[in-house]
Structure formats: structure tokens, C-alpha cells
Amino acid sequence: MGCITQIPVDILIDIVSRLSLKEAAKTRAVSRRWKNLFKFYSGCLDFDALDTIALIYMGKKRDRVESPKYIDWVNQVLASHQAQTVEEFRVSFDLDNTYAGILDSWTCFAAAKRVHRLELDLSPFHSRKTSLDEIYYCFPTDLEWKALTSLVLNSVNVVEEQLLCLLSDCPVLEKLSVSRAPSLYNLRLRSPNNKLKHLGLRSCLGLEAIEVVSALNLFSFEYQGCRINMLFKDVPQLSSVSLKWAPNVSCDLCEDLLITKFSQVPFSISQLKTLALDLKLLVAMEFYLFPKTFSQFSNLQQLELQFFALYDRASFFSVHLFTHLRVCINWCSSTLSAGSQRSCQ
């Protein structure tokens with residue numbers, strides 16, 4: 001214990017900042033000297049309420065009771081925080097636009113602390129009766145994010161102009177992921193900042209078109225949704241693509257790709273090294289739609305497929321695939337538990 005008391009405060013703060021938020025909070029009980037170190041915590045302010053969320057889903061807790069508790073927890077930590085910067089700020093709870101004032105104060109805090117990674121996951125516990133824009137919290141437009149390297153928004157409303165401004169004003173932004181943004185109808189990225197490496201768009205059901213031009217460092221793209229207009233041009237580093245179908249849509253993108261034998265892919269498939277497809281029921285029922293050769297995928301190293309099928313059909317389909325690829329197949333069946341995996345080398 002004597003050696004610990006000799007450690008400079010700056011080093012102690014650095015040690016505490018390497019812990020998770022909940023672990024760091026517990027260090028206040030170590031000694032009187034450690035009691036105030038947590039105030040200078042500069043690590044990942046990850047307000048993870050996974051256990052509470054699980055109990056709400058199981059009906060053992062009520063969201064109306066737990067929401068104020070969650071808000072109080074976040075507010076108490078932020079009120080005592082004195083560090084100059086924060087590595088990560090993450091909120092994960094069902095908070096809609098009725099909590100806009102509180103959410104605004106949290107995002108202002110993150111911006112003022114020059115956060116590097118920001119995630120707002122406001123996914124609802126229960127399906128909302130309507131997807132009107134007013135229900136979803138609107139991401140603020142008047143903040144500066146000069147140090148931001150990663151932005152993940154889930155069930156947060158943003159429009160194209162906001163995202164373009166963010167890409168323009170965030171010189172070191174490398175990752176942009178947007179899910180369930182009801183007012184996002186188009187995304188046209190022309191010569192975005194050269195740092196952008198990862199782009200993800202999921203379940204933005206109003207989205208009609210994606211255009212990405214001259215994204216010189218874009219490495220990976222993930223899309224979940226229905227068939228829309230897509231254009232990728234001058235993206236020389238794009239080598240990892242994941243395409244997934246979204247529930248309750250009638251026009252499936254992956255189905256189109258299979259039917260057209262990948263002839264209408266909006267990006268250069270010859271440069272792909274990793275391709276992930278969520279094929280729903282299509283391949284399992286009509287596996288003959290899948291290409292018999294992969295000659296156009298000249299650099300493909302890993303192919304990941306997810307689909308639902310009966311056990312015998314899934315096995316037959318795995319044999320049908322081109323064997324020189326590394327294939328990871330996920331399926332659910334009447335004889336296998338959900339989430340089973342099989343790999344073919």
C-alpha cells in the first residue's frame with residue numbers, strides 16, 4: 001500500500017481511465033486519495049444498461065420507472081466530471097424526442113469534451129405506433145466535433161444535409177453508421193473527407209438513393225434495407241461489403257443481386273475481399289439462383305452467407321458453393337438451434 005501512495009496523481013488518473021466506467025466508479029472506495037480520481041476519468045463513458053434493458057424486455061421491470069433512473073445516473077456522472085477530454089461517450093436506452101432537452105445537454109457535453117467516439121443508441125424497447133419524425137430525437141446541428149473519429153446513431157433522426165456537414169466539419173472522422181433515421185431520404189457523398197473508412201446505413205426505410213464518389217479511403221460499406229439506387233465511383237479501397245435484407249420490405253436487394261447474377265452491383269466486385277449477404281429465405285428455397293461460378297470475384301477471400309433453411313437444403317447448398325472460397329454459412333432449421341454455423345474451407 002505504501003508504494004501505491006507514492007504514485008503521482010496523473011498516473012493514477014491514467015490507470016483509472018483505462019478501466020470501464022463502472023469499474024472506474026468503484027475505485028472511489030479504495031481510499032480517500034482515490035475518491036476524487038473518478039472525476040477526472042477520460043476513458044469510455046459507456047452508459048451501458050444492458051442488464052436493465054434485458055429485464056424490461058422480459059417484463060420484470062418497467063421502462064417508465066427505469067428511464068428516470070438511467071437519466072439520473074448519466075446526469076450525476078456528467079455533473080461531477082472534470083477531465084478535459086473523453087475518449088468515448090455512449091448512450092444506450094429508449095429515449096425519444098420527449099427527452100430532447102436532456103439529450104441535447106449530453107451531446108453538448110460530449111462535444112465540449114472533444115470526444116473521439118460518439119454513439120447514441122436510442123432504440124425503442126417496444127415498436128412505436130408511428131415512424132413520424134417527431135418521435136425520434138433530432139441530432140443537433142450547431143456543435144463542433146473536431147476530434148470525432150467515430151459516429152454511431154441508432155434511432156436518431158438526421159437528414160442528408162446534417163451528415164454532409166458532419167463529414168465536412170469532422171476532419172478525422174473515420175466511421176459513420178446511421179440506423180433507423182426516418183428523415184434520411186438520400187445520401188450523396190461527393191469527395192467527402194479523405195479519412196472516412198467505414199460507412200453503414202441500416203433500416204433507414206425512407207432512403208431512396210446512395211451516391212458515394214471519390215471516397216478515396218472508404219474501406220467497408222454495410223447496408224440493410226430494400227432495393228434502392230446506388231452509385232459507388234472512385235472508391236479504390238472498398239474491399240469489404242455487407243448487404244442485409246430488412247424486415248417488412250417487399251423489394252429485396254440481395255434477391256436482385258442473385259437474380260441478375262451480380263451483374264448490377266453498384267461497386268467494383270473485382271476489388272472485393274470480403275462479401276457478406278443476408279439471403280433471407282431465397283437461396284434456401286431456390287438455390288439454383290446462386291451463381292455457379294465466381295469468376296468476377298477475382299480477389300474475394302471470404303464469403304459470408306446467412307439464410308433460413310431446412311437442414312438438408314442447407315447442407316446441399318453448402319456443397320453447391322465454390323469450394324476454393326472460405327464460406328461461413330449461418331442458418332436456422334427445424335433440427336438445428338438458431339445461430340448454428342458451418343464453415344467450408
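Report relative contact order for region 1-86 in percent, whole number only (criteria: Cα-Cα under 8 Å, sequence separation at least 6). Walk me through the numbers before you get to the answer.
On the way: 66 pairs, mean separation 25.3, N = 86.
Dividing the mean separation by the residue count of region 1-86 yields 29 percent.
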Dipole axis of region 1-115 (+1 Lys, Arg; -1 Asp, Glu on Cβ), positive-most option in Ala110, Ser17, Ala29: Ala29
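Sort region 30-150 into rounded, prolate or oblate with this rule: let a ≥ b ≥ c be the square roots of the eigenvalues of the Cα gyration tensor; rounded if a/c is under 1.5, and if a/c is not under 1.5, prolate when a/b is larger than b/c, oblate otherwise. Working shown, then result.
Details: a/c = 2.34, a/b = 1.31, b/c = 1.79.
Oblate, since a/c reaches 1.5 and b/c is not below a/b.
What accessible area per residue, rounded to a whole number of Å², is obtained for region 38-90 using a probe radius of 1.4 Å?
Details: 2980 Å² over 53 residues.
Solvent-accessible surface per residue comes out at 56 Å².
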With DNA, RNA and ligands ignored, accessible area of Met58 (1.4 Å probe; Å², nearest 10): 120 Å²
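Which FRET efficiency, nearest 0.05, do Arg62 and Ile135 yield, Cβ-Cβ r, R0 25 Å? Each step should come with its number before you reach the end.
Details: r = 20 Å, r/R0 = 0.79.
It comes out at approximately 0.80.
Are there trypsin sites (Lys or Arg not before Pro) in region 1-93 that DSSP marks as loop and that have at most 16 other Cβ atoms within 10 Å, and which are they?
Passing sites in region 1-93 are Arg18, Arg32, Arg33, Lys35, Lys60, Lys61, Arg62.
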Ranked order, Val30, Val74 - accessible area, probe 1.4 Å, largest first: Val30, Val74
Inter-label distance for Arg33 and Ser168, nm, one decimal - labels placed 7 Å from Cα along Cα-to-Cβ: 5.2 nm
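What net charge do the residues around Ala79 carry, taking every other residue with its C-beta under 14 Å from that of Ala79, with Lys and Arg at +1 and Asp and Glu at -1?
So the surrounding residues net to +1.
Could you put Thr107, Thr149 in order of accessible surface area, largest first, with the 1.4 Å probe and the full protein assembly present?
Working: Thr107 0, Thr149 45 Å².
So, going from the largest accessible area down, we get Thr149, Thr107.
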Size of charge dipole - region 130-187 - debye, nearest 20, with Cβ of Lys, Arg +1 and Asp, Glu -1, no other charges: 240 debye
For region 203-247: accessible area per residue (Å², 1.4 Å): 41 Å²
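The values are calculated or read from the model by the stated rules, or taken from the named source; none is laboratory data. From a predicted model like this one, the values you see are computed outputs, not experimental measurements. All Cβ positions, glycine included, derive from the backbone under ideal geometry; neighbour counts span all protein chains shown. To get the accessible areas, we keep the full protein, side chains included, count just its heavy atoms, and leave off ligands, DNA and RNA. Shrake-Rupley method; radii C 1.70, N 1.55, O 1.52, S 1.80 Å.
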